[in-house]
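Trainee: Before we start, here is the structure in question, set down as structure tokens.
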Amino acid sequence: MVEELSILTEKQKRAYSLRQKGMTYKKIGEAMGISTNAATAHVKAAERRFREYQLYHDKQKSNDRPVELPLTYGELELVMEGLGLLQKDMLNRIGGRNVRSDWKGRLPYEAQVLSDVYRKAQAALYGKAIISGITE
């Protein structure tokens, strides 16, 4: 697991670092001037962020593998129509509600992939992207 401390809040960094040094949650709480439960929560939150960070990068690495998908223009137009509907649906789900975002609080990874695919499909069909994707 990658332990990229920059993704943590200051309290998470401190609690996690103290835990890595072998301190108990009680000792961490005393050192930070917080309760044992709060110390535990900060360490657990840091560990969760590390897992989310790793999952995000593993998924991105896996999804970045190129594939060959020969399509006709008619097929690509249908794909574009489906991408447009998916984008509208995703915007409706994201807009104004508490949506699960990635480890840095950005839009879901799928929104980034959708935006990239939409842009590439437009470029293939029209020679350039005409409509902005969900992340732009």
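Trainee: With respect to Ser132, is the statement that it is out of contact with any Ser or Thr (no Cβ under 6 Å at 6 or more places or on another chain), modelled with pLDDT under 75 and of a type in the set (Gly, Ala, Ser) true?
Mentor: Criteria met by Ser132.
Trainee: Could we say that Gly74 is in the same structural domain as Lys120 (by TED's automatic domain parsing), free of Cβ contacts under 8 Å to residues at least 60 places away in the same chain and part of a helix (DSSP H, G or I) here?
Mentor: yes
Trainee: Right, next: State all residues of segment 56-76 that are surrounded by 11 or more Cβ atoms within 10 Å (Cβ to Cβ), at pLDDT 85 or above and touching a helix residue (DSSP H, G or I) at 6+ places or on another chain (Cβ under 9 Å); if no residue qualifies, say none.
Mentor: If the condition is that a residue be surrounded by 11 or more Cβ atoms within 10 Å (Cβ to Cβ), at pLDDT 85 or above and touching a helix residue (DSSP H, G or I) at 6+ places or on another chain (Cβ under 9 Å), then Leu71, Leu76 are the ones that fit.
Trainee: Anything in segment 1-17 that is surrounded by 13 or more Cβ atoms within 10 Å (Cβ to Cβ) and part of a helix (DSSP H, G or I)? List them, or say none.
Mentor: Matches in segment 1-17: Ile7, Lys11, Gln12, Lys13, Arg14, Ala15, Tyr16, Ser17.
Trainee: For residues that are over 24 Å from the mean Cα position of the chain (by Cα) and part of a helix (DSSP H, G or I), tally how many sit in segment 18-51.
Mentor: The qualifying residues number 16.
The values are calculated or read from the model by the stated rules, or taken from the named source; none is laboratory data. Fair warning: this is a prediction, and the values are worked out from it, not measured in the lab. Here the Cβ is made from the backbone with ideal geometry for all residues, glycine too, and neighbour counts use every protein chain on show.
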